[in-house]
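The values are calculated or read from the model by the stated rules, or taken from the named source; none is laboratory data. This structure is a prediction, so every number in the text was calculated from the model and none was measured. Cβ coordinates were reconstructed from backbone atoms using ideal geometry, including for glycine residues, and neighbour counts include every protein chain displayed. These area figures cover heavy atoms from the full protein model, side chains too; ligands, DNA and RNA do not enter into them. Shrake-Rupley method; radii C 1.70, N 1.55, O 1.52, S 1.80 Å.
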Amino acid sequence: MRVAWIGLGVMGFPMAGHLVSRGKLSVTVYNRTAAKAERWVQNFAGSAAPTPAQAAAGADFVFACVGNDDDLRQVTVGPDGAFQTMKSGAVFIDHTTASAIAARELQAMAASRGLGFVDAPVSGGQAGAENGVLTVMCGGTQADYAKAEPLISHFSRMCKLLGPPGSGQLAKMVNQIAIAGLVQGLAEAVNFGMRAGLDMEAVVEVISKGAAGSWQMENRHKTMIQGKFDFGFAADWMRKDLGICLDESRRNGAPLPVTALVDQFYAEVQKLGGGRWDTSSLIARFQNLDRKA
Ligand code: NAP
């Protein structure tokens, strides 16, 4: 079986690596910045190709994990896109966080060429990718999913088909909406406790075992208290994701008042120079307000 991988960023690099180390698969990679592809080939056996089309030629499965809708369209249906050279019956698996519209459009274009397409955005962050324990939300046909799932299992601990094309992206939107308000609530709570003079590490040790507990509280409270944000899932990425959620809500009519507000708070974090800071940097807004006061 031959596999191609497009996009060796923070997420794609280790995910593609698991296909080799755990899946024992032969993988050809493409990365826009060629040096990353060379580094990947040095770390994991395999080969690199100079364009998505060349990487995808003859492959049974083509994976992608790039930035946004435009990037995804470029590597699939752009001038050197993978769809040009994929063989009939091959499946394209997209791990980019993109819009449901792009997923449906690309699935239809793939189907018209005899190709499969599964939208499969992920949750679990850099650590989840490196440890091969991602959560993967999929949209597509049952037949395409059945072919893709055994390969996705090499870097995931939960993978599920949630409906027709676009459903994976819609599920990822649900995920991001649920996170946005929660992180803002946690930032307010930690800031409030610190201002009240409480030992917040001790407070969190207690309340994380009760109804307020969450992954964010467990994994992010310490660094929020310390004001450290140079890791994790960047505010720039979160704004991209929340923009996708807000667009979709205008179509389906679901109100997202808290999500819209938190999106603006992330815009303030960007203005503070925190575009690459982790999403928990919402608390930095309060620290900045303190400085201004
Ligand atoms: P990243 O480190 O910035 O990597 C993005 C990758 O896409 C790089 O390989 C980049 O190539 C490539 N790329 C971007 N635009 C391209 C284009 N037009 N043509 C070809 N290649 C292009 O991002 P990441 O953190 O891996 O995230 C990738 C996706 O996963 C995003 O959609 C993100 O929202 C999602 N995601 C990320 C996380 C996380 O914690 N990081 C968690 C869940 C989901 P270059 O090397 O040349 O820049």
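Assorted remarks:
- Each residue in region 139-162 was checked for being within 23 Å of residue 246 (Cβ to Cβ) and open to solvent by less than 20 Å² (accessible area, probe 1.4 Å), and 1 pass.
- Selection of region 32-49 for residues being modelled with pLDDT of 95 or more and away from the ligand (no atom under 12 Å from the Cβ) yields 41, 42, 43, 44, 47, 48, 49.
- Scanning region 266-278 for residues that are open to solvent by 30 Å² or more (accessible area, probe 1.4 Å) and hydrophobic (A, V, I, L, M, F, W, C) yields 272, 277.
- Of all residues in region 232-254, those that are among the aromatic types (Phe, Trp, Tyr) have Cβ atoms under 9 Å from Cβ atoms of residues that are surrounded by 13 or more Cβ atoms within 10 Å (Cβ to Cβ) and at pLDDT below 95, 6 or more apart or on another chain, in 233/125; 233/126.
- Qualifying residue in region 81-102 (condition: among the aromatic types (Phe, Trp, Tyr), more than 13 Å from the ligand (Cβ to nearest atom) and either touching a Pro at 6+ places or on another chain (Cβ under 6 Å) or in a helix (DSSP H, G or I) (or both)): yes
- Single residue of region 116-137 satisfying the filter (within 24 Å of residue 85 (Cα to Cα) and away from the ligand (no atom under 13 Å from the Cβ)) that is surrounded by the fewest Cβ atoms within 10 Å (Cβ to Cβ): 116
- Residue selected from region 204-218 under the condition free of Cβ contacts under 8 Å to residues at least 12 places away in the same chain and not in a loop (DSSP other than H, G, I, E, B), by the criterion farthest from residue 192 (Cα to Cα): 215
- Reported count of residues in region 55-69, each being more than 18 Å from residue 238 (Cβ to Cβ) and open to solvent by 10 Å² or more (accessible area, probe 1.4 Å), is 4.
- Members of region 227-258 that are under 20 Å from residue 191 (Cβ atoms), assigned to a helix (DSSP H, G or I) and touching a Ser or Thr at 6+ places or on another chain (Cβ under 9 Å): 235, 238
- The residues on offer are 234, 211, 196, 254, and the sole one that is outside the structural domain of residue 122 (by TED's automatic domain parsing), surrounded by 12 or more Cβ atoms within 10 Å (Cβ to Cβ), among the aliphatic types (A, V, I, L, M) and away from the ligand (no atom under 16 Å from the Cβ) is 254.
- Residues being assigned to a helix (DSSP H, G or I) and either basic (Lys, Arg) or over 30 Å from residue 261 (Cβ atoms) (or both) - total across region 147-191: 10
- Output for region 214-231, where each listed residue is buried (at least 16 other Cβ atoms within 10 Å of the Cβ), within 30 Å of residue 167 (Cα to Cα) and not charged (D, E, K, R): 214, 216, 217
- Pairs, first modelled with pLDDT under 95 in region 1-25, second open to solvent by less than 10 Å² (accessible area, probe 1.4 Å) and near the ligand (Cβ under 9 Å from one of its atoms), C-beta under 8 Å, six or more apart: 10/129
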